[in-house]
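Trainee: Right, I'll just put the structure down here and ask away after.
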Ligand code: GLN
């Protein structure tokens, strides 16, 4: 952990990967989003102080955490067994499935993963969207590896979808909904994965993890969690 805060509390640094709206994105050069507001509200409930945010590509967040460049990850990160071997997670704070996003023009309207066979598709490096492509399409032999495009950021994947370089993007459903509201793309169908997002913490930082879990439950019990959901998901 970093140095002490002015009030004697421990300062921590948070890491995220903008380009995943509405969880984290840049707006007029500023980092904003549900994850940003939620983690800040949670930390406010603890004895820790947030020194600031560091931005990374999604795939670099876990290394940044284990190297102690950051102390907590807030990036719509799915809690799963593979990641649990390297890092720890707080309690879940949001649920998601995968969505298959296509151009709005309607030329290509897949309704199941097998309809993606032979099509150029994309996802973001190191994500569960990528794992879905690998496990459900490439491994069973329904999609040639050469048809899969791995992007450093989901914004680049969606831009490549819009300009016709790829025909579909596999991405978390709430983020797909946000892109669909802002760009000429639409959700063709969803693929149920039952994922849960948690904040990523270092293995062994048990006191900090407990503080975040307590803070999260306070934020959930009050109105803050609902207020932030309304603010960022318009519900
Ligand atoms: N929830 C997905 C994952 O954890 C995607 C997260 C992201 O792209 N920020 O892999």
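The values are calculated or read from the model by the stated rules, or taken from the named source; none is laboratory data. Just so we're clear, the structure is a prediction, and the values are computed from it rather than from any experiment. Here the Cβ is made from the backbone with ideal geometry for all residues, glycine too, and neighbour counts use every protein chain on show.
Trainee: Taking the stretch 69-83 as the search range and keeping residues that are more than 9 Å from the ligand (Cβ to nearest atom) and within 21 Å of residue 57 (Cβ to Cβ), which one is surrounded by the fewest Cβ atoms within 10 Å (Cβ to Cβ)?
Mentor: Here the answer is 82.
Trainee: Let me ask something additional. Suppose the filter is over 15 Å from residue 113 (Cβ atoms), in contact with a strand residue (DSSP E or B) (Cβ under 6 Å, 6 or more places away or on another chain) and either within 12 Å of the ligand (Cβ to nearest atom) or not assigned by TED's automatic domain parsing to the domain that holds residue 16 (or both); does residue 153 pass it?
Mentor: no
Trainee: Another question about this same structure. Could you figure out which of (1) at positive phi; (2) modelled with pLDDT of 95 or more isn't true of residue 234?
Mentor: (2)
Trainee: Looking at the stretch 171-187, I want the residues that are assigned by TED's automatic domain parsing to the domain that holds residue 128 and have a partner that is near the ligand (Cβ under 10 Å from one of its atoms) and part of a helix (DSSP H, G or I) with Cβ atoms under 7 Å, at least 6 apart or on another chain. Which pairs are those?
Mentor: 171/129; 171/154; 172/129; 175/154
Trainee: Could you say which residue among 188, 176 is more than 10 Å from the ligand (Cβ to nearest atom), closer than 19 Å to residue 117 by Cβ, at pLDDT 95 or above and buried (at least 16 other Cβ atoms within 10 Å of the Cβ)?
Mentor: Of 188, 176, the one residue that is more than 10 Å from the ligand (Cβ to nearest atom), closer than 19 Å to residue 117 by Cβ, at pLDDT 95 or above and buried (at least 16 other Cβ atoms within 10 Å of the Cβ) is 188.
Trainee: Let me ask something else about it. On the basis of being assigned to a helix (DSSP H, G or I) and within 14 Å of the ligand (Cβ to nearest atom), does residue 65 make the cut?
Mentor: Against the criterion (assigned to a helix (DSSP H, G or I) and within 14 Å of the ligand (Cβ to nearest atom)), residue 65 qualifies.
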